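Working notes for the structure below.
Please treat every number below as a calculation from the coordinates, not as lab data. Just so it is clear, the model here is predicted, and its values are computed rather than measured. All Cβ positions, glycine included, derive from the backbone under ideal geometry; neighbour counts span all protein chains shown.
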Amino acid sequence: MKDIYESPLNSRYASKEMKEIFSPDRKFKTWRRLWITLAEAEKELGLDITDEQIEELKAHKDDINYTVAAEREKKVRHDVMAHVYAYGMQCPKARGIIHLGATSCYVGDNTDVILMLDAMELIRKKVLSVISKLADFAMEYKDMPTLGFTHFQAAQTTTVGKRACLWIQDLMMDLEQIDFVMQNTKLLGSKGTTGTQGSFMELFAGDSDKVRRLDEMIAEKLGYSGVFAVSGQTYSRKLDSIYLNVLSGIAQSCTKFANDMRLLQHLKEMEEPFEKSQIGSSAMAYKRNPMRCERITGLARYIMVDALNPAFTTAGQWFERTLDDSANKRISIPEAFLACDAILGIYNNVAEGLVVYPKVIEKHLMEELPFMATEVIIMDGVKNGGDRQELHEAIRVHSMEAARNVKENGGKNDLIERIASDPIFGMKLEDLQKLLAPKNFVGRAPQQVEEYVTGCIMPVIEANKDSLIAHTELNV
């Protein structure tokens with residue numbers, strides 16, 4: 001509907017897969033899956049629940065009667081009880097055992113954990129896919145010298161491929177955090193109103209072993225590693241904070257890449273993809289703005305700020321349960337995942353279509369390389385019989401004059417010509433030009449790329465090759 005606000009993360013940026021994970025349908029079907037699991041486990045542990053009741057629940061697990069649930073919620077102001085009622089209307093034989101012994105957080109919190117795990121798995125695939133694309137790029141350009149920058153001032157030479165490895169390394173650190181948090185995430189299980197499992201102790205006539213086993217069986221039946229050993233009514237909201245901190249870390253990595261690319265596009269050394277019919281500016285038809293990387297930067301900024309939401313929520317929880325978390329986490333958690341999904345989609349799109357302009361890279365490098373080569377020139381001058389101090393002073397004077405010619409006159413860097421014409425150095429122009437071959441100034445950059453990609457990246461890519469996303473289209 002065009003007359004009602006909709007989050008741009010949903011309408012413009014996030015992928016269909018991520019939006020499906022946080023859809024109402026996925027949420028409420030998971031609720032019903034949890035109710036079925038609870039009933040099955042309770043039956044197996046001896047409660048008076050029949051196979052017929054469970055089969056009835058299974059028969060209606062996916063055909064949710066949303067209208068009934070919505071009308072009921074208006075009356076009772078409780079979403080879980082509204083859906084218990086709606087499910088019971090479809091399952092009259094099982095109505096009395098739906099949600100037996102549970103509190104709302106049994107379905108709410110367990111579902112939240114399940115959805116966050118599913119969403120993080122999709123994020124993981126997209127991070128891996130970017131890493132794979134950048135690794136191919138790094139290897140292709142591992143030997144191409146380019147001007148390095150510190151403080152965005154010309155510094156020693158690196159290679160295009162080596163710079164890409166810096167982007168990869170940030171994402172590899174994010175991948176480690178993703179794997180750690182996923183491997184250590186547990187479900188809430190069945191803990192009751194204050195986490196003591198008191199209602200289940202009542203159901204099982206004080207049989208502590210059965211209540212403990214019920215908790216474990218829920219995770220086992222759902223295919224998860226385990227449950228929180230202790231909780232209040234909810235799982236600790238610190239889990240939400242940990243998850244969003246991981247997303248914030250990814251956003252930081254994406255922003256670093258995007259900002260580098262925006263600067264490189266200004267220098268005309270590299271560009272993000274630009275389609276044939278794409279418009280760069282509504283006023284300036286010639287422009288090729290880095291809109292993809294600018295979008296990454298903007299959405300990533302939202303994620304980094306959004307990570308504060310669960311931090312404040314975690315810190316503000318009172319004793320075993322308050323409800324000031326609910327409205328906030330309904331927004332902050334899904335929106336963070338949608339935004340992270342969006343920036344990784346753009347990152348994948350850019351990484352697979354990076355444009356490199358070798359001639360511009362070489363031009364910029366050669367404008368600065370004479371200054372970087374002065375120490376080597378002094379050493380060679382000493383070998384030719386010169387005095388180190390005298391050569392240093394001569395280099396200093398010539399460098400100042402060459403820099404003045406560039407800055408004040410807009411001229412070329414003629415330092416090498418000045419040195420060649422100064423007899424104190426005893427060096428010919430052609431010898432100096434050979435000395436200035438850019439490959440002589442990149443250090444171990446090519447070897448570093450090869451060692452890092454083959455030794456650290458490719459084993460990870462090979463182990464996850466079935467998870468890689470080959471191609472990513474922009475939504476808008």
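I need to check one value: relative contact order of the chain, counting alpha carbon pairs closer than 8 Å and at least 6 residues apart, in percent.
Relative contact order of the chain: 20 percent.
What is the gain in length, in nm to one decimal, between Asp207 and Asp143 on full extension, counting 0.36 nm per residue of separation less the C-alpha to C-alpha distance? Write down the numbers at each step before the final one.
Values: separation 64, 0.36 × 64 = 23.04 nm, distance 6.92 nm.
16.1 nm is the gain from fully extending Asp207 to Asp143.
Could you tell me which of Leu47, Thr37, Tyr87 has its Cα farthest along the dipole of segment 18-97 towards the positive end, charges placed at Cβ (Lys, Arg +1; Asp, Glu -1), taken about the Cα centre?
Checked the options; the winner is Tyr87.
How big is the gap, in Å, between the Cα center of segment 224-240 and the Cα center of segment 1-69?
21 Å
Summing +1 for each Lys or Arg and -1 for each Asp or Glu, what net charge is found among the other residues whose Cβ lies under 14 Å from the Cβ of Val68? It would help to have the intermediate numbers written out before the result.
On the way: positive: Arg32, Arg72, Lys74, Lys75, Arg95; negative: Asp63, Glu71, Glu73, Asp79.
Combined, the nearby Lys, Arg, Asp and Glu give +1.
Give, in nm to one decimal, the length gained when the segment between Glu393 and Arg77 is fully stretched (0.36 nm per residue of separation minus the Cα-Cα distance).
Full extension from Glu393 to Arg77 adds 105.4 nm.
Applying 1/(1 + (r/R0)^6) with R0 = 35 Å to the Cβ-Cβ distance of Gln177 and Lys439, what FRET efficiency is obtained, to the nearest 0.05?
Plugging the Cβ-Cβ distance into 1/(1 + (r/R0)^6) gives 0.45.
With Cβ to Cβ distances under 13 Å as the rule, what net charge do the other residues near Asp170 carry (K, R +1; D, E -1)?
Details: positive: Arg163, Lys256; negative: Asp174, Glu176, Asp260.
Within the 13 Å Cβ shell, the charges total -1.
Measuring from label point to label point, each 7 Å out along Cα→Cβ, what is the Thr50 to Lys29 span in nm?
Once both label points are built, they end up 2.9 nm from each other.
Using alpha-carbon pairs under 8 Å, 6+ residues apart, how would you state the relative contact order of segment 170-256 in percent?
39 percent
Under a Cβ-only charge scheme (Lys and Arg +1, Asp and Glu -1), can you give me the dipole magnitude of the chain about the Cα centre, in debye to the nearest 20?
Numbers: 59 positive and 69 negative charges, 184 e Å.
So the magnitude is around 880 debye.
Taking a threshold of 18 Å on the Cα-Cα distance, which of the pairs Lys16/Lys126; Lys16/Lys61; Lys43/Lys93; Lys363/Lys434; Lys142/Lys256; Lys19/Lys329 fall above it?
Numbers: Lys16/Lys126 14 Å; Lys16/Lys61 23 Å; Lys43/Lys93 15 Å; Lys363/Lys434 16 Å; Lys142/Lys256 20 Å; Lys19/Lys329 16 Å.
Going by Cα-Cα distance, Lys16/Lys61; Lys142/Lys256 fall outside the 18 Å limit.
So what's the angle, to the nearest 10 degrees on a 0 to 90 scale, between helix 358-372 and the longest Cα principal axis of the chain?
On a 0 to 90 degree scale, this one is about 60.
Per-residue counts of other Cβ atoms within 10 Å, averaged by peptide: what ranking do you get for 290-303, 179-192, highest first?
Averaged packing, sorted descending, gives the order 290-303, 179-192.
Helix-only mean residue ellipticity at 222 nm, the chain, DSSP H runs n ≥ 4 weighted -39,500 (n - 2.57), per residue, nearest 500. What is it?
Mean residue ellipticity, 222 nm, calculated: -20000 deg cm²/dmol.
Could you work out the percent of alpha carbon pairs in segment 18-97 separated by over 22 Å, rounded to a whole number?
Counting pairs separated by more than 22 Å, the tail of P(r) holds 25 percent.
Ranking request for peptides 316-324, 96-104: highest mean number of other beta-carbon atoms within 10 Å first, then the rest in descending order.
For the peptides 316-324, 96-104, the packing ranking is 96-104, 316-324.
Going by average Cβ density within 10 Å per residue, which order do the peptides 442-450, 3-11 take, highest to lowest? Please list the in-between numbers first.
Details: 442-450: 17.8, 3-11: 11.3.
Output ranking for 442-450, 3-11: 442-450, 3-11.
Using a Förster distance of 60 Å, how high is the FRET efficiency between Lys412 and Arg95, based on the Cβ-Cβ distance and rounded to 0.05?
Plugging the Cβ-Cβ distance into 1/(1 + (r/R0)^6) gives 0.10.
With θ set to phi - 60°, apply the Karplus curve 6.51 cos²θ - 1.76 cosθ + 1.60 along segment 191-201 and write out the HN-Hα couplings as whole Hz, x wherever there is a Gly or Pro.
For segment 191-201, the Karplus-derived couplings read 10, x, 6, 10, x, 8, 6, x, 5, 6, 4 Hz, x marking Gly and Pro.
Describe numerically, in nm with one decimal, the distance between label points set 7 Å from Cα along Cα→Cβ at Leu166 and at Arg330.
4.5 nm
In whole Å, what is the distance between the alpha-carbon centres of segment 331-370 and segment 125-161?
10 Å
Read phi for every residue in segment 208-213 and hand back ³J(HN,Hα) as whole Hz from Karplus 6.51 cos²θ - 1.76 cosθ + 1.60, θ = phi - 60°, with x for Gly and Pro.
Calculated HN-Hα couplings, in order: 4, 5, 5, 5, 4, 5 Hz.
What does the charge add up to near Gly249, with Lys and Arg as +1, Asp and Glu as -1, over the other residues with Cβ less than 9 Å from its Cβ?
Working: positive: none; negative: Asp170, Asp174.
Net charge around Gly249: -2.
Putting +1 on Lys and Arg Cβ atoms and -1 on Asp and Glu Cβ atoms, find which of Gly443, Val76, Ala154 reaches farthest to the positive end of the dipole of the chain.
Val76
Can you give the FRET efficiency to the nearest 0.05 for Asn289 and Tyr5, using r as the Cβ-Cβ distance and R₀ = 25 Å?
Here the calculated transfer efficiency is 0.40.
If contacts are Cα pairs under 8 angstrom and at least 6 residues apart, what is the relative contact order of segment 7-117 in percent?
About 29 percent, as a whole number.
Enumerate the residues in segment 189-222 having an amide nitrogen under 19 Å from the point lying 7 Å beyond the Cα of Thr322 toward its Cβ.
Of the residues in segment 189-222, 194-195 have backbone N under 19 Å from the label point off Thr322.
Note the full-extension length gain between Glu462 and Phe152 as 0.36 nm times their separation in residues minus their Cα-Cα distance, in nm to one decimal.
Working: separation 310, 0.36 × 310 = 111.60 nm, distance 3.58 nm.
Answer, rounded to one decimal: 108.0 nm.
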